[in-house]
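A short write-up of the structure that comes next.
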Amino acid sequence: MAATILHPFERRVADTQLSKSDVNNLIMDYLITEGYPSAAEKFASEANIQPNANISGIQERVQIRESIHRGDLQVAIELINELNPDPSGRDEKQNTFSPQYDLEKQLAFLLDTDKKLHFSLLRLQLVEIIRQSFTSSDPSLVGEAIEFAQNNLAPYAPLDSQFKNDLERAMALLIVPKESWMHASSSGSTTAASQVQSDFGALAELVDPSLRRKVAKDVNEAILQSQDQRREANIRYLVRARAWAEQLAREKKLDLPENLVLGLDGDEPPSKASHNGHNGDNGDTEMTGNGSATTAAGGDVDLARYTNIP
């Protein structure tokens, strides 16, 4: 059997030696930044590394994310506001101001200062109320949805035309037939998802679970920024930098393979994809195997196994 002939670029990649500690720190940074405490603890144990952050401190962000993912927006908003338990910033025992006062004050006013984020949360909450009004037997929920929109979202409409348009689109969900909402509540299969797209048309994105994930991601990034931390994990910056570098190289007509596989998502060859442990779950999953293992190609498969970037 003839040996596979590698492109010169691929040979250089294969010969590149990566620091195992750098890869481990990159993975740990992702797990902590994105809010996966049990996965971070598991990986730290398997890779025998010490995390550079308090893993237990991630739990507040995890609770907020999970509340948004299940559509419980009122709880999520309350949890965001509870990130600063004492708005004055005063330490009752010492009768002095906490050194964390500045950060806490930023968190306390997070939703007051970030109008776009607050509107996104409230609009999603409106969508969930409308969803419940069609999937439950409580007739009062329709009136509750209208009242909620009037009291909480209507004041945003004069501030920005986009707020007004987004509110109008959300309110349009009230005229969608109940049968369509029943399809949306069981949109686990590809066929059902296609039916929802047909039923809701341009409004389908409002009832798609991906909207919950997007809002949860925006909230997580805003909280991190308010705590003087990076909004995103380092690996996301690296992925974008890699894509930019490839685009620049191709524009300059440099000699590259026709397809450069990143190895972190579905673009990888089937032979690798079947072994990298992807399960499609965006939750805080348990991991198996040796976290310190690397591959001859530089650890891309191992990276994918622990990060599973959506």
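With the structure loaded, tell me whether SER271 is modelled with pLDDT under 85, of a type in the set (Ser, Thr, Tyr) and either under 24 Å from ALA170 (Cβ atoms) or surrounded by fewer than 16 Cβ atoms within 10 Å (Cβ to Cβ) (or both) or whether it fails that test.
Yes.
Looking across the stretch 232-253 at every residue that is outside any helix (DSSP H, G or I) and free of Cβ contacts under 8 Å to residues at least 12 places away in the same chain, the one that is nearest to GLU221 (Cα to Cα) is identified as LYS252.
Evaluation of PHE148 against the conditions (1) under 26 Å from the mean Cα position of the chain (by Cα); (2) in a helix (DSSP H, G or I) shows that the sole unmet condition is (1). Going by the structure shown, is ALA172 surrounded by 15 or more Cβ atoms within 10 Å (Cβ to Cβ), in contact with an Asp or Glu (Cβ under 8 Å, 6 or more places away or on another chain) and outside any loop (DSSP other than H, G, I, E, B)? No, not satisfied. The sole residue among VAL215, VAL196, VAL142, VAL219 that is touching a His at 6+ places or on another chain (Cβ under 9 Å) and in a helix (DSSP H, G or I) is VAL196. Residue count for the stretch 34-77, restricted to those that are over 17 Å from ARG212 (Cα atoms) and in contact with a Leu (Cβ under 7 Å, 6 or more places away or on another chain): 4. Just wondering, is there one or more residues in the stretch 137-144 that are under 23 Å from ILE68 (Cα atoms), modelled with pLDDT under 95 and buried (at least 19 other Cβ atoms within 10 Å of the Cβ)? No: the stretch 137-144 contains no residue that is under 23 Å from ILE68 (Cα atoms), modelled with pLDDT under 95 and buried (at least 19 other Cβ atoms within 10 Å of the Cβ).
The values are calculated or read from the model by the stated rules, or taken from the named source; none is laboratory data. Since the structure is predicted, the reported quantities are computational estimates derived from the model, not experimental observations. So basically every Cβ, Gly included, is an ideal-geometry build from the backbone, and we count neighbours across all protein chains shown.
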